[in-house]
């Protein structure tokens, strides 16, 4: 009997060690171009995961939106489907999982990277819990830079913005309705359709809000030759994997993945400022005209926009999340006075 027990324990031990050592392959989608800094960061992260887990965790990255829109890739991450296990999502993709993320897209909520990143850090624990409840593990934040407005004709005021055929992300019908109710002319499209539609003389859009680096990568500036320099909002993104996949990974390997992801997060957040500046400089040499409003014009623009965004609280963004972001932002500003 004793010998039987020893053999049983040995068998259980072998099975347990084999389960801990199983290889987990994470297939990850992103709309980021393969030539972008974001894709380079992902491939570097995958190499580090594989090396530091002795091959137990592998990352396969599908860039260029090759797996479809962010909504489509999220459907492919459902437990019953499990065709994808990871995603580097932009803010609209994160917001489609939970409205709370939309707080970072509120126009003129933040005045600087330092301010926005401070609020992001403070709200992260709450946002991570909301994601976890919906089946996702958030591993890292990233930033694509500050959203500016690129257009085919000069835009200098909010009235001009309302008159334009304005791109907005496909899949968020409430945002489309919010735009319409406030006098805008939104056109919901997949982000990959932006360059082609701007190129057409009778395209569906003639203006697109986006950061300078994506505008350079997508060559948007070739047809939308004007940029209104107003720093609308930071375009954050998030690297996440499914809870289903996360739970297959050993505690030891999870620790490695989290540590490596935080290094990548610092890189993705830190590079945004330099990428914004260098991208604008490059596009200006290729024909882009940048309109930077003077202090009075910018103040008028912001005050008009501020009246509009009050309707976002409790509709597009949960009231408690909106209030928390505002509270943390104001607390940061007090420390800088």
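The values are calculated or read from the model by the stated rules, or taken from the named source; none is laboratory data. Keep in mind the model is a prediction, meaning the values are calculated, not measured. Cβ: placed from backbone, ideal geometry, glycine included. Neighbour counts: every protein chain shown.
Would you confirm whether or not segment 303-315 contains a residue that is over 21 Å from the mean Cα position of the chain (by Cα), assigned to a helix (DSSP H, G or I), within 30 Å of residue 217 (Cα to Cα) and modelled with pLDDT under 90? The answer is yes; a qualifying residue exists. For segment 79-94, indicate whether the set of residues that are surrounded by 21 or more Cβ atoms within 10 Å (Cβ to Cβ), within 24 Å of residue 248 (Cα to Cα) and more than 14 Å from the chain's Cα centre (by Cα) is non-empty. Yes: one or more hits.
Do the conditions hold for residue 262, that is, is it at pLDDT 95 or above, closer than 24 Å to residue 114 by Cα, in contact with a strand residue (DSSP E or B) (Cβ under 9 Å, 6 or more places away or on another chain) and surrounded by fewer than 18 Cβ atoms within 10 Å (Cβ to Cβ)?
yes
Taking the criterion of being modelled with pLDDT of 90 or more, farther than 18 Å from residue 218 by Cα and touching a helix residue (DSSP H, G or I) at 6+ places or on another chain (Cβ under 7 Å), the residues of segment 267-302 that qualify are 267, 268, 269, 271, 273. Hey, among 171, 237, which residue is within 23 Å of the chain's Cα centre (by Cα) and not in a strand (DSSP E or B)? Exactly one residue qualifies, and that residue is 171.
Please go through segment 327-337 and pick out each residue that is in a helix (DSSP H, G or I) and free of Cβ contacts under 8 Å to residues at least 60 places away in the same chain.
First pass over segment 327-337, keeping only residues in a helix (DSSP H, G or I): 327-336.
327, 330, 331, 334, 335, 336 - these are the residues of segment 327-337 that are in a helix (DSSP H, G or I) and free of Cβ contacts under 8 Å to residues at least 60 places away in the same chain.
Restricting to segment 200-213, and then to whatever is outside any strand (DSSP E or B) and touching a helix residue (DSSP H, G or I) at 6+ places or on another chain (Cβ under 8 Å), can you tell me which residue is surrounded by the most Cβ atoms within 10 Å (Cβ to Cβ)? Explain how you work it out, then say what you get.
First, pick out the residues of segment 200-213 that are outside any strand (DSSP E or B): 200-206, 211-213.
Narrowing further to those that are touching a helix residue (DSSP H, G or I) at 6+ places or on another chain (Cβ under 8 Å): 203-206, 211-213.
Details: 203: 18, 204: 15, 205: 23, 206: 24, 211: 24, 212: 29, 213: 26.
Out of the qualifying residues, it is 212.
Taking the conditions exactly as written (in a helix (DSSP H, G or I), without any contact (Cβ under 8 Å) to a residue 60 or more places away in the chain, more than 30 Å from residue 87 (Cα to Cα) and touching a strand residue (DSSP E or B) at 6+ places or on another chain (Cβ under 9 Å)), does residue 296 satisfy them or not? Against the criterion (in a helix (DSSP H, G or I), without any contact (Cβ under 8 Å) to a residue 60 or more places away in the chain, more than 30 Å from residue 87 (Cα to Cα) and touching a strand residue (DSSP E or B) at 6+ places or on another chain (Cβ under 9 Å)), residue 296 does not qualify. Just one residue in the set 165, 180 is surrounded by fewer than 16 Cβ atoms within 10 Å (Cβ to Cβ) and in contact with a strand residue (DSSP E or B) (Cβ under 8 Å, 6 or more places away or on another chain); that residue is 180. Looking at residue 59, is it farther than 26 Å from residue 172 by Cβ and in contact (Cβ under 8 Å) with a residue 12 or more places away in the chain? So residue 59 fits the description; yes.
Just to confirm my filter: which strands (runs of 3 or more DSSP E) fall fully inside segment 23-103 and include at least 2 residues that are more than 27 Å from residue 123 (Cα to Cα)? I'd like the intermediate steps shown before the answer.
Values: elements: 24-30, 57-62, 86-90.
Where strands (runs of 3 or more DSSP E) fall fully within segment 23-103 and carry at least 2 residues being more than 27 Å from residue 123 (Cα to Cα), they are 24-30, 57-62.
Without any contact (Cβ under 8 Å) to a residue 12 or more places away in the chain and either over 25 Å from residue 192 (Cβ atoms) or under 19 Å from the mean Cα position of the chain (by Cα) (or both): is that true of residue 52 in this structure? No; evaluated as a whole, the condition is false for this residue.
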